[in-house]
Amino acid sequence: MGASNTPLFDLVELSSLNTNATFTTAAGGGGDIIGLVDNATYTDGDASNSATEIQELNETFSGNGGTLTIDGVDYNIQLVVPDGSFNDVTVTYDGGGSSADLSGNGLTSEIVFIIASPVGGGSDRYFAAIDDTVGDLPDISSIQIRNLDWSPSGDDVMINLDQDNIVTICFAEGTRILTPTGERKVERLNHGDQVITQDHGPQRIRWIGASTRTRSPALQPIRIAANALGPGIPHRPLFVSPQHRMLVRSAIAQRMTGKREVLIAAKKLTDMRGIHQDTRPGQIRYFHILCDAHEVIFAEGAPAETLLPGPQVRELLGSELWEELATIYPQIAVSLTQPDPLRPVLRGHQKDSLTRRHRKNRLPLVEATP
């Protein structure tokens with residue numbers, strides 16, 4: 001099957017790639033950390049890869065030939081990994097407050113470097129991709145590289161780049177969801193109950209699931225303070241999973257995209273005042289809500305998405321439960337062929353530009369409906 005334009009989020013772009021060098025966001029290092037690229041996709045013929053998950057990256061000229069695409073430009077790729085023991089890559093994050101040593105040897109790599117050469121010619125670009133099991137490393141300030149293996153065995157790298165972000169679209173326990181009878185805590189909602197949607201009024205919940213997870217960097221909820229999105233939005237603190245996409249409605253979004261409403265992952269809004277990662281220790285209980293179609297519902301008064309019906313949800317539920325749901329609710333099965341989000345999704349530089357303009361002009365992310 002392979003990967004076909006599978007999204008690769010959070011690629012860390014570097015100014016170059018060298019052994020025994022430290023790349024930094026501030027001047028004075030051996031090279032520069034340019035920033036994050038969130039709009040890259042990857043395509044190859046490796047059967048272990050899919051539309052939602054990369055388990056192996058392959059060099060362009062290997063048997064399964066991988067291609068990276070960014071902003072419509074295709075790149076041939078060469079893969080580079082840490083050269084085995086005692087050559088871990090040290091990543092400093094949290095603005096310098098934390099660090100992690102990442103290992104790699106091509107077979108089970110926590111980090112891989114990508115040299116991307118434009119097809120047809122042009123300047124090379126350099127990226128670092130971090131295995132999902134490491135979790136998010138927010139606010140990276142330096143990447144210290146030791147010795148590198150410039151030609152991994154087999155010209156491929158085993159690494160888990162799981163793009164199945166849909167399964168982490170969930171609300172923390174205690175979140176109040178708007179229903180036809182008022183707000184109800186998400187843990188008190190059941191299969192068959194109705195929720196109020198922005199586009200289609202009351203809609204039934206076709207499936208609601210819960211999972212208790214030990215907090216880790218990748219699973220720490222994002223706390224959205226009262227009024228952080230706009231006056232009264234949310235009307236009390238809201239906690240959602242990092243990849244949970246929130247609806248942004250503004251004239252700035254309209255000017256940038258041609259659409260007044262867009263979706264942005266909560267973790268991508270932490271550059272806005274009142275929105276940050278909740279770093280408390282312990283466990284957290286998350287709830288997922290699935291309707292017949294992708295919907296915008298109201299959590300603590302803030303517009304947020306439900307699970308997007310599609311292949312990712314099918315994998316989340318498992319084949320038996322999915323087949324049962326698809327038999328009882330055929331609309332869900334039909335939506336497998338229509339997995340696009342109901343609003344444009346902003347990532348990367350476009351997202352950065354939008355939030356920067358909102359900060360500069362002190363405008364709410366969710367303006368009142370005209």
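The values are calculated or read from the model by the stated rules, or taken from the named source; none is laboratory data. The shown structure was predicted, so the numbers you read here are calculated from the model rather than taken from an experiment. So basically every Cβ, Gly included, is an ideal-geometry build from the backbone, and we count neighbours across all protein chains shown. For accessibility, only protein heavy atoms count, side chains too; no ligands or nucleic acids. Shrake-Rupley method; radii C 1.70, N 1.55, O 1.52, S 1.80 Å.
Brief remarks on what is shown
- Residues located in the range 269-301, provided they are more than 20 Å from Ile233 (Cβ to Cβ), assigned to a loop (DSSP other than H, G, I, E, B) and not basic (Lys, Arg): Thr279, Pro281, Gly282, Cys291, Asp292, Ala293, His294
- Within the range 345-369, tally of residues that are modelled with pLDDT of 90 or more, surrounded by fewer than 16 Cβ atoms within 10 Å (Cβ to Cβ) and either under 15 Å from the mean Cα position of the chain (by Cα) or under 18 Å from Ile224 (Cα atoms) (or both): 4
- Filter pass, Leu36 being among the hydrophobic types (A, V, I, L, M, F, W, C), surrounded by 15 or more Cβ atoms within 10 Å (Cβ to Cβ) and at pLDDT below 95: yes
- Residue within the range 79-88 that is assigned by the TED database to the domain that holds Ile130, within 23 Å of Asn5 (Cα to Cα) and touching a helix residue (DSSP H, G or I) at 6+ places or on another chain (Cβ under 6 Å) present: no
- Candidate set: the range 304-329, residues that are open to solvent by 30 Å² or more (accessible area, probe 1.4 Å) and modelled with pLDDT of 75 or more; chosen: the one nearest to Ile224 (Cα to Cα): Glu323
- Hits in the range 219-254 - residues which are over 24 Å from His294 (Cβ atoms) and at pLDDT below 95: Gln220
- Residues that are over 30 Å from Pro309 (Cα atoms) and surrounded by fewer than 18 Cβ atoms within 10 Å (Cβ to Cβ) occur in the range 108-115; there is at least one.
- Hits in the range 129-150 - residues which are polar (S, T, N, Q) and at pLDDT below 95: Thr133, Ser141, Ser142
- Test for Asp44: is it open to solvent by less than 40 Å² (accessible area, probe 1.4 Å), in contact with a helix residue (DSSP H, G or I) (Cβ under 7 Å, 6 or more places away or on another chain), charged (D, E, K, R) and at negative phi: no
- Some residue of the range 201-215 being modelled with pLDDT of 95 or more, surrounded by fewer than 16 Cβ atoms within 10 Å (Cβ to Cβ) and not basic (Lys, Arg): yes
- Tyr75 passes every criterion in (1) among the aromatic types (Phe, Trp, Tyr); (2) at pLDDT below 95; (3) open to solvent by less than 40 Å² (accessible area, probe 1.4 Å) apart from (2).
- Scanning the range 272-303 for residues being open to solvent by less than 20 Å² (accessible area, probe 1.4 Å) and free of Cβ contacts under 8 Å to residues at least 60 places away in the same chain gives a total of 3.
- Hits in the range 133-154 - residues which are assigned to a loop (DSSP other than H, G, I, E, B) and among the charged types (D, E, K, R): Asp136, Asp139, Arg146
- Scanning the range 1-17 for residues that are in contact (Cβ under 8 Å) with a residue 60 or more places away in the chain, assigned to a loop (DSSP other than H, G, I, E, B) and open to solvent by 10 Å² or more (accessible area, probe 1.4 Å) yields Phe9, Asp10, Ser15, Ser16, Leu17.
- Lone qualifier among Gly95, Gly65 - being open to solvent by less than 30 Å² (accessible area, probe 1.4 Å) and either free of Cβ contacts under 8 Å to residues at least 24 places away in the same chain or not in a strand (DSSP E or B) (or both): Gly65
- Filter pass, Ala129 being outside the structural domain of Met272 (by the TED database) and not in a loop (DSSP other than H, G, I, E, B): yes
- Taking the listed residues Gly182, Gly121, the one that is surrounded by fewer than 19 Cβ atoms within 10 Å (Cβ to Cβ), assigned by the TED database to the domain that holds Arg213 and of a type in the set (Gly, Ala, Ser) is Gly182, with no other qualifying.
- Test set (1) small (Gly, Ala, Ser); (2) modelled with pLDDT under 85; (3) in contact with a strand residue (DSSP E or B) (Cβ under 7 Å, 6 or more places away or on another chain) - Ala26 fails condition number: (3)
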